[in-house]
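Notes follow the structure.
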Amino acid sequence: MNAKQIIIGGKSTTPLTVNRLGYGTMRLTGEGIWGEPANRAEALQILKQCISSGLNFIDTADYYGDDVTNRLIAEALHPYPAGLVICTKVGGARKPDKSWIPFNRPEDLRSSIDNNLRTLKLEQLPLVHFRVIAGSDVPFKESMAAMFELQKEGKIAHVGVSNVSVAELEAAMHMGPVATVENMYGHGQRTSLNMVHGGENRGGEEVLSICEQNGIPLVPYFSLVQSMPKQDDRILTIAKKYNATMVQVNLAWLLHRSPWILPIPGTSSLQHFEENLLAADIELSEEDMLFLN
């Protein structure tokens, strides 16, 4: 596998090959991940810049906004260029007070899939993550069974999971082909820092290890947000060495940490978007990685 590319659904008959730096759209929404972007023109320009820059993996969800990022993607990019993989998420919803709630009963998931198909103007969704959200009374396997049924119906090409524990990931893998895992992971959170549902580990090295053993890409979310509040002097040292920003070094670390990691840094700033792209050009040495680890 090309170190600058990654294969999604490699064991399927319709694998997807994408470049190993994607874009997450969550920050294109208004404050609190709600409403329209502060600068709509810049948001649309960033999405168009994804294509011109060679990014062909865009992460979204119909509960971003609510339903804002999907509409922005369609407005900026439809009809979509060949090879573009739009990855969306289901399993959650937003209440009028902007709170997050589980939306993961089989009928909920079907409704979300149909809504994503409509707003993204697609006949089939290339990749859909089932997102585990705290507070649900629906068994995980019941939700996953619905996801794989929707895949059999042709509404989803590849099924992934998000915010899963090790046990949930293994359970999903026994039920059907899991194409990707979208969990919290980054230089600043490689252990059990994302703890919900009785202290289960929903991030960290063990999930990455399972992904590597099974050829499943790990799509890390919040890899920058969670790592930046506490300045790591090691990151700062490497940033000075390469005349780079700390954000760029965090992204470079992810790209070097494992060939199965597909970072999706998000931003609402075109300048920051272009800076993030430069992270792919940073070649960290073995000594650098040992130092950072």
Check your understanding: Any idea which residue in the stretch 221-237 is modelled with the lowest pLDDT, counting only those that are of a type in the set (D, E, K, R) and either crowded, with 18+ Cβ neighbours inside 10 Å or part of a loop (DSSP other than H, G, I, E, B) (or both)?
Key -> LYS230
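If I ask for residues that are crowded, with 22+ Cβ neighbours inside 10 Å and outside any helix (DSSP H, G or I), which ones from the stretch 240-252 would you list? Break it down stepwise before answering.
Residues of the stretch 240-252 crowded, with 22+ Cβ neighbours inside 10 Å: 248-252.
Those that are crowded, with 22+ Cβ neighbours inside 10 Å and outside any helix (DSSP H, G or I): none in the stretch 240-252.
Does LEU109 satisfy the condition of being surrounded by 18 or more Cβ atoms within 10 Å (Cβ to Cβ), within 17 Å of ILE264 (Cβ to Cβ) and either hydrophobic (A, V, I, L, M, F, W, C) or modelled with pLDDT of 95 or more (or both)? Let's see the steps before the verdict.
Working: surrounded by 18 or more Cβ atoms within 10 Å (Cβ to Cβ): yes; within 17 Å of ILE264 (Cβ to Cβ): no; either hydrophobic (A, V, I, L, M, F, W, C) or modelled with pLDDT of 95 or more (or both): yes.
In short, no.
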Exercise for review: Could you tell me which residue of the stretch 253-273 is surrounded by the most Cβ atoms within 10 Å (Cβ to Cβ), considering only residues that are touching an Asp or Glu at 6+ places or on another chain (Cβ under 8 Å) and among the hydrophobic types (A, V, I, L, M, F, W, C)?
Suggested key: TRP260
**Study point:** When residues of the stretch 46-67 are limited to those that are in a helix (DSSP H, G or I) and touching a strand residue (DSSP E or B) at 6+ places or on another chain (Cβ under 8 Å), the one surrounded by the most Cβ atoms within 10 Å (Cβ to Cβ)
**Key:** ILE46
**Study point:** Single residue of GLY24, GLY35, GLY30 found to be small (Gly, Ala, Ser) and crowded, with 16+ Cβ neighbours inside 10 Å
**Key:** GLY24
Check your understanding: Pick from the stretch 131-190 the residues that are among the small types (Gly, Ala, Ser) and assigned to a strand (DSSP E or B): which of them is surrounded by the fewest Cβ atoms within 10 Å (Cβ to Cβ)?
Key -> ALA157
Review point. Inside the stretch 24-40, can you point out the residues that are under 17 Å from THR88 (Cα atoms), in a loop (DSSP other than H, G, I, E, B) and of a type in the set (A, V, I, L, M, F, W, C)?
Key: ILE33
Exercise for review: Determine which member of the set THR17, THR69 is at pLDDT 95 or above and either of a type in the set (Lys, Arg) or closer than 20 Å to LEU117 by Cα (or both).
Suggested key: THR69
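The values are calculated or read from the model by the stated rules, or taken from the named source; none is laboratory data. Worth saying up front: this structure is predicted, and the values here are computed from it rather than measured. All Cβ positions, even for glycine, are placed from backbone atoms using ideal geometry, and neighbour counts span all protein chains on display.
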